[in-house]
1. What does the net charge come to around residue 35 if you take all other residues with beta carbon closer than 14 Å to its beta carbon, with K and R at +1 and D and E at -1?
2. What list of ³J(HN,Hα) couplings, whole Hz, do you get for the stretch 79-93 from phi and the Karplus terms 6.51, -1.76, 1.60, once you set θ to phi - 60° and write x for glycine and proline?
Amino acid sequence: MKDQKVLGIAYEIARSIHDTENSIEAAAAKTAELICALPRMKSAAGLTALHGQEVLEDASALLAILTQSRRKAMELHRKLELTQKQIGLDHVAFGPGGKPADTAIPEMRDIRRIA
């Protein structure tokens, strides 16, 4: 009975972290769309570059915050996987699909531009 209770809690946590990750990604995508649209809307309205600069900067800052939030969610996910192993549930798969072979989170300095 206790094992089933722990397993049920683990599934709920897994669903929650996946929902959190998906929500952050959806918000980042919408913010990126907004960032792309702002200069077009400014031009269509016949405004100069001075108009809307602070709005564009704030939207860009928001995207940076969401990107940082995504990294924190991924770090949390990895820590939850360690906890999963510590409590003996490493044989149980949570969530859809498999995991990539390399589950390390790359640092930004490790990402190189491919031209």
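Just so it is clear, none of the values below were taken in a lab; they were calculated from the coordinates. Small disclaimer: the values here were computed from a predicted structure and weren't measured. Neighbour counts are summed over all protein chains in view; Cβ atoms, including those assigned to glycine, are modelled from backbone coordinates with ideal geometry.
1. On the way: positive: 30, 40, 42; negative: 33, 54, 57, 58.
Around residue 35, the charge tally is -1.
2. Calculated HN-Hα couplings, in order: 5, 5, 5, 5, 4, 4, 5, 4, 9, x, 10, 5, 8, 9, 8 Hz.
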